[in-house]
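The values are calculated or read from the model by the stated rules, or taken from the named source; none is laboratory data. Since this is a predicted model, take the numbers as computed values, not measurements. Heads up, the Cβs are rebuilt from the backbone with ideal geometry, glycines too, and the neighbour counts pull from every protein chain shown. We work out accessible area using only protein heavy atoms, side chains counted, and drop any ligands, DNA or RNA first. Shrake-Rupley method; radii C 1.70, N 1.55, O 1.52, S 1.80 Å.
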Amino acid sequence: MMADAVVINKIDTADPKNVDTVRRNIQNVNSNAVVIEGASPITVENSSLIENKKVLVVEDGPTLTHGGMKIGAGMVAAEKFGAADVVDPRPYLVGKLKETFDQYPGIGTLLPAMGYGKEQIKDLETTINNTECDVVIIGTPIDLRRIIDINKPSVRVTYDLQETGSPTITDILAPYIE
């Protein structure tokens, strides 16, 4: 069974050629699907903390490793709000995070939040707290401050779906909602 509707998200930040490729693929595989386009603008609590500061950017681990993405919401926020520098976490890595960087050397200067087991959480907390930076930018799906103690100012980045045209998801679902 094929989808009745497909959402193409992040069209505001994706390469337009890649968005066109996705549109063509949808047309080739499921020409009857309704295509909904969306953007994912970021929101940062207290974004003024980022400007002209040395920041540590923590991103979703699987996105950086298995997903192969080189940036995420945290890096977008660092650039958008004028961070002076993105601090490289590699000199401060401990435990399992060292292994992650050995396995995925292309991660670069972003710190991946890998797993939420007790040891992984402790390694992440220690690495963050040892890193010499002014502010920690949390670009993970979970608010890390709920599970670790961060010893410096931090801000969380979130984003929402912003439909950019019509039809919208509401339009598609209207016949099914009483």
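When the test is whether a residue is touching a residue at least 12 places away in the same chain (Cβ under 8 Å), closer than 19 Å to residue 40 by Cβ, open to solvent by 50 Å² or more (accessible area, probe 1.4 Å) and not in a helix (DSSP H, G or I), residue 167 does not pass it. If you go through region 1-25 and keep only what is under 15 Å from residue 169 (Cα atoms) and not in a loop (DSSP other than H, G, I, E, B), you end up with 5, 6, 7, 8.
For the residues 119, 125, 132, the requirement of being in contact with a strand residue (DSSP E or B) (Cβ under 8 Å, 6 or more places away or on another chain) and in contact (Cβ under 8 Å) with a residue 12 or more places away in the chain singles out 132.
Residues are listed down the side, and each one gets a yes or a no for (1) within 18 Å of the chain's Cα centre (by Cα); (2) within 21 Å of residue 151 (Cα to Cα):
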{"site": "80", "(1), (2)": "yes, no"}
{"site": "86", "(1), (2)": "yes, yes"}
{"site": "99", "(1), (2)": "no, no"}
{"site": "102", "(1), (2)": "no, no"}
{"site": "111", "(1), (2)": "yes, yes"}
{"site": "116", "(1), (2)": "yes, yes"}
{"site": "126", "(1), (2)": "no, yes"}
{"site": "129", "(1), (2)": "no, yes"}
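In region 39-63, the residue that is farthest from residue 127 (Cα to Cα) out of those that are buried (at least 20 other Cβ atoms within 10 Å of the Cβ) and modelled with pLDDT under 90 is 63. Once region 143-164 is narrowed to residues that are closer than 20 Å to residue 10 by Cβ and of a type in the set (Val, Ile, Thr), the residue that is least open to solvent (accessible area, probe 1.4 Å) is 157.
Is there a residue being open to solvent by 20 Å² or more (accessible area, probe 1.4 Å), of a type in the set (D, E, K, R) and modelled with pLDDT under 90 anywhere in region 87-103? Scanning region 87-103, I find no residue that is open to solvent by 20 Å² or more (accessible area, probe 1.4 Å), of a type in the set (D, E, K, R) and modelled with pLDDT under 90, so the answer is no. Tell me yes or no: at least one residue of region 110-118 is modelled with pLDDT of 95 or more and at positive phi. Looking through region 110-118, none of the residues is modelled with pLDDT of 95 or more and at positive phi.
Counting the residues of region 76-86 that are in contact (Cβ under 8 Å) with a residue 60 or more places away in the chain and open to solvent by 20 Å² or more (accessible area, probe 1.4 Å) gives 1. Out of 29, 87, 7, one residue alone is within 16 Å of residue 136 (Cβ to Cβ) and β-branched (Val, Ile, Thr). It is 87. Mind checking whether some residue in region 64-74 is under 17 Å from residue 130 (Cβ atoms), open to solvent by 20 Å² or more (accessible area, probe 1.4 Å) and of a type outside the set (D, E, K, R)? There is no residue in region 64-74 that is under 17 Å from residue 130 (Cβ atoms), open to solvent by 20 Å² or more (accessible area, probe 1.4 Å) and of a type outside the set (D, E, K, R).
No other residue among 33, 14, 5 is touching a residue at least 60 places away in the same chain (Cβ under 8 Å), among the hydrophobic types (A, V, I, L, M, F, W, C), surrounded by 12 or more Cβ atoms within 10 Å (Cβ to Cβ) and more than 30 Å from residue 131 (Cα to Cα) apart from 5.
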